[in-house]
Amino acid sequence: MTAGPESDRNAALITAAKAGDVRGAGRCLVGGCDVNATDKQTGKTPLMLACEGGSLPTIELIANNGSDLLMKDVRLLPSPSL
C-alpha cells in the first residue's frame with residue numbers, strides 16, 4: 001500500500017503541529033486535512049503534538065477546528081494539560 005495525497009496532507013499537518021507552525025497548520029486544515037490524524041510512530045494527534053510544542057496559537061487553531069480532545073496516543077495518554 002502506498003501513501004496517497006490524503007496521507008501526505010495529514011503528514012503535513014502533523015509536521016506543522018510539531019513545529020508550532022500555525023500558518024502551515026491553517027493551510028492544511030483549509031486543504032482538508034484530518035484534524036484527528038495520528039502520527040504513524042507515536043499515535044499522537046496534531047493537538048497532542050502542538051501541546052507538546054507549546055505554541056498556543058497552533059493549539060487553539062487545531063482545538064477549534066474539530067479536534068477530538070479526548071483521543072489518546074498509542075500509550076493511552078491523553079493530550080498534555082495546558
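The values are calculated or read from the model by the stated rules, or taken from the named source; none is laboratory data. Just so it is clear, the model here is predicted, and its values are computed rather than measured. Note that each Cβ is placed from the backbone with ideal geometry, even for glycine, and that neighbours are counted across all protein chains shown.
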Go through the range 27-36 and give me each residue that's surrounded by fewer than 19 Cβ atoms within 10 Å (Cβ to Cβ) and within 11 Å of the chain's Cα centre (by Cα).
-> 34, 36
Please indicate, with yes or no, whether at least one residue in the range 43-53 is surrounded by fewer than 16 Cβ atoms within 10 Å (Cβ to Cβ) and hydrophobic (A, V, I, L, M, F, W, C).
-> no
Of the residues 80, 57, which is at pLDDT 95 or above, touching a helix residue (DSSP H, G or I) at 6+ places or on another chain (Cβ under 8 Å) and surrounded by fewer than 16 Cβ atoms within 10 Å (Cβ to Cβ)?
-> 57
Restricted to the range 12-54 and to residues being part of a loop (DSSP other than H, G, I, E, B) and of a type in the set (Val, Ile, Thr), the residue nearest to residue 66 (Cα to Cα) is 35
